[in-house]
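Each remark here refers to the structure printed beneath this line.
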There are 2 protein chains.
Amino acid sequence: MRAEIITIGDELLIGQVVDTNSAWMAERLNEQGIELYQITSVHDSKPHIIAALDEAFSRVDIVLTTGGLGPTADDITKHVLCEYFATRLVEDPAVHAHILQLYAHRPDVLNRLTATQWLVPETAKILPNRVGSAPLMIFHRGQQILASMPGVPYEMKIAMEEQVLPYINNFNFQTLNLKSQIIHRTLQVNDIPESSLAILLEEYEEAMPSGLHLAYLPKDGIIRLRLSSYGELSEEQMNLWFNRLKELVHEYMIADTDEPLEVIVGRLLRERGATIATAESCTGGKLAALLNKHAGSSSFYFGSIVSYDNSVKTRLLSVPEEMIAEHGVVSEPVVRRMAESACRQLGTDFAIATSGVAGPGGGSDEKPVGTVWIAWTTPGSTTAQCFQLGKLREQITDRACQKALVQMIRILQS
Amino acid sequence: MRAEIITIGDELLIGQVVDTNSAWMAERLNEQGIELYQITSVHDSKPHIIAALDEAFSRVDIVLTTGGLGPTADDITKHVLCEYFATRLVEDPAVHAHILQLYAHRPDVLNRLTATQWLVPETAKILPNRVGSAPLMIFHRGQQILASMPGVPYEMKIAMEEQVLPYINNFNFQTLNLKSQIIHRTLQVNDIPESSLAILLEEYEEAMPSGLHLAYLPKDGIIRLRLSSYGELSEEQMNLWFNRLKELVHEYMIADTDEPLEVIVGRLLRERGATIATAESCTGGKLAALLNKHAGSSSFYFGSIVSYDNSVKTRLLSVPEEMIAEHGVVSEPVVRRMAESACRQLGTDFAIATSGVAGPGGGSDEKPVGTVWIAWTTPGSTTAQCFQLGKLREQITDRACQKALVQMIRILQS
């Protein structure tokens, strides 16, 4: 069972919007044992959408489209689908009632353009869109199926989870019964070049059976290694091969899951009932935002003092002005003091502090753009390390957060 | 002149990586007057890549590929391109020398897999990759052109800006001379439903000439209105139509550019030489990270006290425990006190504070998940407002940042 995604919207093709939907949808499809074959982004254009539909239906069983379902003139997906499936728009009383209820407190929205939202293709199966006005539409075409969803990420996510995926699974089960088990296993390693890792795993890769695939996903020094089987290996066989892989990379491994680093830190802190705070200069709140990104963070994450301006380091983190004058603000003594003060001021067991030159300005020969000092305070001690993290502002701050979290994981695992 | 992007990598199709490259590339191409027709994401598979190349070359003049250029066995793009363009791999002395220099301080990387990186297709034009080991390859096919770049975002960005775009522009100029002027103009409005806006603009849209396109891009309450012309209208005509549009939406407009909200806030603060701080509970550092995301933020952004845990609100933001006990932590008095304390403690002219229920836990009948209080302190006064921002954690915190910035823009514009 294979699927494709077609994302519809000029905004994707002029770079006004980053397509975060597809990766999320890809993950859900894979979890369900549905292989995603291709993602295609097309314009709000009838011939373009129709060409993409034709091509997708020539390759796969399930086509998922997002976008182009708003009430305004630039949104044409519903009309194009009507034409493609040779049907016409009719009023849907259930959608009508839902929209009246949705906007009961906002009568200004109930105008004649919104009224076009309860017109739906006659032959489509309409699923309820709990959080928006655009109808979720399913079209059947022999043994093939198309689902059309809104492009707004949170509407799409609720539509997929509550309506579209259950519908597709039921359809598969009843009509095709072809569902194969897709299994992915991922681990993360650090401190080894990709090519050296590949040489280390050469014998392992040669011995792998033909249905097993190994992928290297490097990002900023961390490499994720992913084993995949598309219906050919059993869970047991996968475990066997994954365990062998873990043994081989053991000394470089930081996690045997695909969890984000901040989730691993959170899990390790919760396991020991410990708390953490941050004091951030160059990362400017990014590390804090990562640590509380996921539900449940309030049990281990207390807060951060983002001391972007030096006066804040002095006022709130007790960094003496003389220390800054003597060593510079991007220095070991300053970052150590920041971490220790954060621990004390916020009353936590652990703390991380960052101070660096994120650029593009502020670099010097001695401390060029990309120089970042990071310190980690634990109940017993404080350690600090200096990194060179590249040349671009976003890359430097992302990598600083990553280095901060990797070392925190090592500390919590030791 | 039209282009397509083909992103190559299994990781995109199992959702392990969000494709941020394409939007960035799309923006650069549009700036250069090159229309991006389609984006296609394919597997690391020879037949799949070849099919995608054939299809793209049947539609456009320029094909840009990213990914699949690493030294490991799962990366096959270079080999597939060799076969597609009927050439063979040969050693490139310049690439060889560059890689030796790149890893001069890391001899462990210079193993035999890395050595495959200086093998390049014989007929390809090789452009220097300043920051990585994968060669940048250009293939010509009659009047058509293909550029292959790494998928690692910062490597791709440097490759595009320094090498590929200048090469393509030169190629266009010399061989085709077809470059048409693509013009986009975007403004942002707030506090009006999309359908009401469309009705307000109905006469305007009917009067628009055929070469002019208007798109509505709603996101979390803000709607960006984009006027586009693909080579049909002059700069002057576009200005005329854009000015008319601005007049029509004047009372809802928050910006007549496509700049992110935090950039607008930064610009307005710099214009008056003022500074800002934040005190964040539910947004947990996200607002701080936004405000210092862009270069130059140190001139107006001082820092943040991220008080995720209540003890931090009491200790660092002088919120009395009795106030929390009486009104709850998500309340007007608490968020006002947070903003005022942030202003005073960090010594800034303005401050923003947030306190809300980001969920999934912590909601009550009175204050359900999604309830967020925001306060703005100015040199003269403090105002506060309560919002209901949805049900999903990420959506709630994103929207809270957005509401905080929109109101700050209004304050700074008044």
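Each value in this text was obtained by applying a stated rule to the coordinates, not by laboratory testing. Keep in mind that this is a model prediction, so the values were computed, not measured. Don't worry about glycine lacking a Cβ; one is built from the backbone with ideal geometry, like all the others, and counts go over all protein chains shown.
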If every Lys and Arg gets +1 and every Asp and Glu gets -1 at its Cβ, then about the Cα centre chain B yields a dipole, in debye to the nearest 20, of 860 debye
One decimal, nm, nearest first: from B:Gln413 to the same residue in each other copy, label points 7 Å out along Cα→Cβ, the values are 5.0
Of the candidates A:Ile138, A:Ala289, A:Ser304, the farthest towards the positive dipole end of chain A (Lys/Arg Cβ +1, Asp/Glu Cβ -1, centred on the Cα centre) is A:Ser304
In whole Hz, the Karplus estimates of ³J(HN,Hα) for region A:22-28 (6.51, -1.76, 1.60; θ = phi - 60°; x where Gly or Pro) are 4, 4, 5, 5, 4, 4, 4
Which of B:Val109, B:Val335, B:Val319 fluctuates most in a GNM of chain B (C-alpha springs under 10 Å)? That residue is B:Val109
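Restricting to Cα pairs below 8 Å that are 6+ residues apart, what does the relative contact order work out to for region A:113-210? Please round to a whole percent. If you can, show how the numbers build up before the last one.
Details: 66 pairs, mean separation 14.8, N = 98.
Rounded, it is 15 percent for region A:113-210.
Give, rounded to the nearest 20 debye, the magnitude of the charge dipole that region B:49-156 has about its Cα centre when Lys and Arg contribute +1 at Cβ and Asp and Glu contribute -1 at Cβ. Please list the in-between numbers first.
Working: 8 positive and 11 negative charges, 42 e Å.
The calculated dipole for region B:49-156 is roughly 200 debye.
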DSSP beta bridges in region A:1-151: the antiparallel percent, rounded to 5, is 40 percent
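Would you calculate, for the protein assembly as shown, the mean residue ellipticity at 222 nm contributed by helices, counting each DSSP H stretch of 4 or more residues as -39,500 (n - 2.57) and dividing by all residues, to the nearest 500? Spell out each step's value before the answer.
On the way: 32 runs with 312 residues, N = 828.
My calculation for the protein assembly as shown gives -11000 deg cm²/dmol from helical runs alone.
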Rounded to whole angstrom, the alpha-carbon centroid of region A:350-414 lies from that of region B:317-360 at a distance of 30 Å
Computed over chain B, the relative contact order (Cα-Cα under 8 Å, seq sep at least six) in percent reads 10 percent
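For chain B, what Kirkwood radius comes out of the mean inverse Cα-Cα distance, in Å?
Details: mean 1/r = 0.0402 Å⁻¹.
Averaging 1/r across every pair of different Cα atoms and inverting gives 24.9 Å.
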In a Gaussian network model of chain A with springs linking alpha carbons closer than 10 Å, the residue among A:Ile199, A:Ile305, A:Ile62 that fluctuates most is A:Ile199
Output row for A:Thr123: copy-to-copy label distances, label 7 Å along Cα→C-beta, ascending, in nanometres, one decimal, is 4.6
The aspartates and glutamates whose Cα lies under 14 Å from the Cα of A:Lys125, excluding any fewer than 8 residues away in the same chain, are A:Glu91, A:Asp92
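Defining a contact as two alpha carbons under 8 Å apart and six or more residues distant in sequence, what relative contact order in percent does region B:182-255 show?
47 percent
Under unit Cβ charges (Lys, Arg +1; Asp, Glu -1), what dipole magnitude, rounded to 20 debye, does the protein assembly as shown have relative to its Cα centre?
On the way: 70 positive and 100 negative charges, 265 e Å.
In debye, rounded to 20, the protein assembly as shown gives about 1280.
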Using alpha carbon centers only, region B:245-261 is separated from region A:81-128 by a whole-angstrom value of 30 Å
Rounded to whole angstroms and listed largest first, the alpha-carbon spread of region A:1-160 along its three principal axes comes to 43, 32, 30
Comparing B:Met137, B:Met160, B:Met208 in a Gaussian network model of chain B (Cα, 10 Å), the one with the largest mean-square fluctuation is B:Met208
For the axis mapping B onto A, the chain B residue whose beta carbon sits nearest, plus its rounded distance in angstrom, comes out as B:Gly285, 2
Mean projected area, convex hull of alpha-carbon positions in the protein assembly as shown, reported to one decimal in nm², is 35.2 nm²
homo-copy label distances at A:Ala295 (7 angstrom along Cα-Cβ), nm, one dp, ascending, are 4.1
Measuring from the longest principal axis of the C-alpha atoms of chain B, the long axis of helix B:235-248 (C-alpha) lies at a number of degrees, nearest 10, equal to 30 degrees
